[in-house]
Amino acid sequence: MQHALLVSVFVIASCGLAYELVAAALASYLLGDSITQFSTVIGAYLFAMGLGSWLSRHIDGDLVRRFVQIELAVGVLGGFAPMGLFLAFASQTGPFRVLLYFAVLVVGVLVGLEIPLVMRILKREVRFKDLVSRVLAVDYLGALAVSLLFPILLAPYLGMMRTGLLFGVLNAGVALYALRLFGHRRLTGLYGMAIVCIGLLLGGFAVAGKVSDIAESWLYADTIIHAESSPYQRIVVTRWRDDVRLFLNQNLQFSSQDEYRYHEALVHPGLAALPHARKILVLGGGDGLAVREILRYPQVESITLVDLDPAMTRLFSSAPLLKRLNGDALNDARVTIINDDAARWLEKHVGGFDFVVADFPDPSNFALGKLYSTGFYRLLKRHLAPGGRVVVQSTSPYYARRAFWIIVTTLEAAGLKTAPYHALVPSFGEWGYVLAGEDVPEMPISYPEGLRFLTIENTPDLFRFPADMSRVPAEPNRLNDQGLVRTFEEEWKKAVH
C-alpha cells in the first residue's frame, strides 16, 4: 500500500507544479512581462500551498475520504482554471488579475492540503524519518518531471487549456485509485463522483480546441485564418478583405496595408548606401518581409536569416497567402534560414557581414531585452565587415521616447556611431530605427525601383526629429539591470491609457 501511495505522491507533485506553471505561463502570455507574472504567480501559489499545509491540521476523522474529496476538487478546479481564465480575459468578464490570483490561491490551498494528508495516512505503516524522506523525495521527483516536460512537450503541443485538463484527469485518477486501494463501503458514494469528474475533464479536453478558437475570435476583430502555439510564442494571422495581420502573443507585428512603409524604412536607408554589400544577415524577421526588400539588390550574394522560431519561418515559407506577401523570399536560393537564438548563434559564428538587420520584437520582456543590450551590440559589432552597417528596429520615439533613446545610447556605448531616424507607419504610429556602424553612416544617393514609400527627396526628413521626439538623457541597457524593459513597459502603459 505504501508504494501505491508514494506513486500517488509522484502524480500529485506533478499536478501541483503543472497548475503553477500553467497559471504563470498563461498570465505571461495574456499580460506580458513574463518575469513579473512568473514571480508573482509562483509567489502567491507557494503562499497558498503553505496556507493549505497549515490548515490541514484541522482535518480530522476519515482521512481517506477527505483526501479523495480534495483530489477531486483539485482536479476539477485546477483542470478547468486555464480555460475559465482564458475565456474571462477574452470576454473581458470581470477584473482578470483578481480572477487569476483567486484561482491561484484556491488551487494552491487545495494542493497544500494533499501532502500532509498523505503523510498522515502513511504514518501507520512507515517510520517517521523514512516517511518524510520518501514522501519528499518522490515529491521533488514529480516536480522535476513536470518542469522538464512542460516547456518541451506540454505547452507547445497541448497548450495551456489541455495541459491543465490533463493534470486534472491525473488528480481525479489518483482519487479513483485511492478509492480502489482502500475500498471501504463508506467510500462507495465517492466512486460516482470521481467518474463524473473524470468525464467532465475528458469532455473539456475534447472541446478545448473549439473553446480556444471561440475565445481568440473575441480577442481579434478580424477573421483568424491561422493560429498555432510554438514553444516560443502564440502565432495568429487574421484577415479582413485585403488586410492580413500578424500577431505574436497578441501584439501586432504588421498589417499588409502598410507594412511596406515599415520594411522599406528598415532596410533601404542603410543598404542603399552600401553598393559593395554582398553578405547580409537578418536577425529576427521570420516573416520574410525584410528579406523581400533586401532581394531588390542584385549585388547581394547571400542572406542569412536567423530566427528563433521554426514555426514562423515554416509558416511564411509555405502558406500561399503569406508567400505572396513576402514575394516567396524565404525560398530564394540566396537565402539560408537558421532557427536559433540570435545571441547564441552569433557567439558560435565566425565571419563578417556587410549589412545586418536586427528586426526583433519590442523589448517587452527580459528575454527580448538582452537583444538590445550593450553585450549583444558588442557581439554584433564583431560580425560587421569593414565598412559594414547594422540597422535596429527601435520601437516608437513618440510613444516610448526614452526607450528609443536608450537603444541609441546602448549602441553608442558598444562603440558604434549612430544615425537615428523614424517613419510614420499608420498601424503603429511614428516608428523608430537606428542605423549604426564603426563610422558615421552615410546617406544613400539612390534607391531600387519599385519602392512605394521612400524617395531620395524624403529621406533627409526621416533623420530629423521634432521637439516631442528629440533626444533625452538615457543610460545604456545592460544585461545586469535591463532598464530598457522597465522603461518600455512604463511608457507603453501610459500611451495605452
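For the stretch 29-51, give me each residue that is acidic (Asp, Glu) and crowded, with 20+ Cβ neighbours inside 10 Å.
Taking the stretch 29-51 first, the residues acidic (Asp, Glu) are 33.
Residues satisfying the conditions do not exist here.
I'm trying to understand the selection: among the residues of the stretch 52-61, which are in a helix (DSSP H, G or I) and open to solvent by 70 Å² or more (accessible area, probe 1.4 Å)? Lay out the reasoning, then the answer.
From the stretch 52-61, those in a helix (DSSP H, G or I) are 52-58; that's our starting set.
Trp54, Arg57, His58 - these are the residues of the stretch 52-61 that are in a helix (DSSP H, G or I) and open to solvent by 70 Å² or more (accessible area, probe 1.4 Å).
In the stretch 154-208, the qualifying residues are those that are in contact with a Gly (Cβ under 6 Å, 6 or more places away or on another chain) and aliphatic (A, V, I, L, M), and the one that is farthest from Tyr232 (Cα to Cα) is Ala172. For Pro460, the stated conditions hold: it is closer than 25 Å to Glu259 by Cβ and surrounded by fewer than 18 Cβ atoms within 10 Å (Cβ to Cβ).
From the list Leu148, Leu117, the one residue that fits, being modelled with pLDDT of 85 or more, surrounded by fewer than 13 Cβ atoms within 10 Å (Cβ to Cβ) and either part of a helix (DSSP H, G or I) or of a type in the set (Lys, Arg) (or both), is Leu148. A count restricted to the stretch 470-482 and to residues that are open to solvent by 20 Å² or more (accessible area, probe 1.4 Å), under 21 Å from Ser34 (Cβ atoms) and not hydrophobic (A, V, I, L, M, F, W, C) stands at 3. Restricting Ala194, Ala206 to residues that are open to solvent by 70 Å² or more (accessible area, probe 1.4 Å), farther than 27 Å from Lys493 by Cα, assigned to a helix (DSSP H, G or I) and of a type in the set (Gly, Ala, Ser) narrows the list to Ala206.
Within the stretch 414-438, the set of residues being part of a loop (DSSP other than H, G, I, E, B), over 20 Å from Lys370 (Cα atoms) and open to solvent by less than 80 Å² (accessible area, probe 1.4 Å) comprises Ser427, Phe428. How many of the residues making up the stretch 240-256 are within 14 Å of Leu321 (Cα to Cα) and open to solvent by 50 Å² or more (accessible area, probe 1.4 Å)? Of the residues in the stretch 240-256, 4 are within 14 Å of Leu321 (Cα to Cα) and open to solvent by 50 Å² or more (accessible area, probe 1.4 Å). Could you list all residues from the stretch 215-234 that are surrounded by 13 or more Cβ atoms within 10 Å (Cβ to Cβ), aliphatic (A, V, I, L, M) and without any contact (Cβ under 8 Å) to a residue 60 or more places away in the chain? The answer is Ile224, Ala227.
The values are calculated or read from the model by the stated rules, or taken from the named source; none is laboratory data. A quick note: this is a predicted structure, and the numbers were derived from the prediction, not measured. Here the Cβ is made from the backbone with ideal geometry for all residues, glycine too, and neighbour counts use every protein chain on show. Ligands, DNA and RNA are stripped out before the accessible areas are found, and what is left, the full protein with its side chains, is counted by its heavy atoms. Shrake-Rupley method; radii C 1.70, N 1.55, O 1.52, S 1.80 Å.
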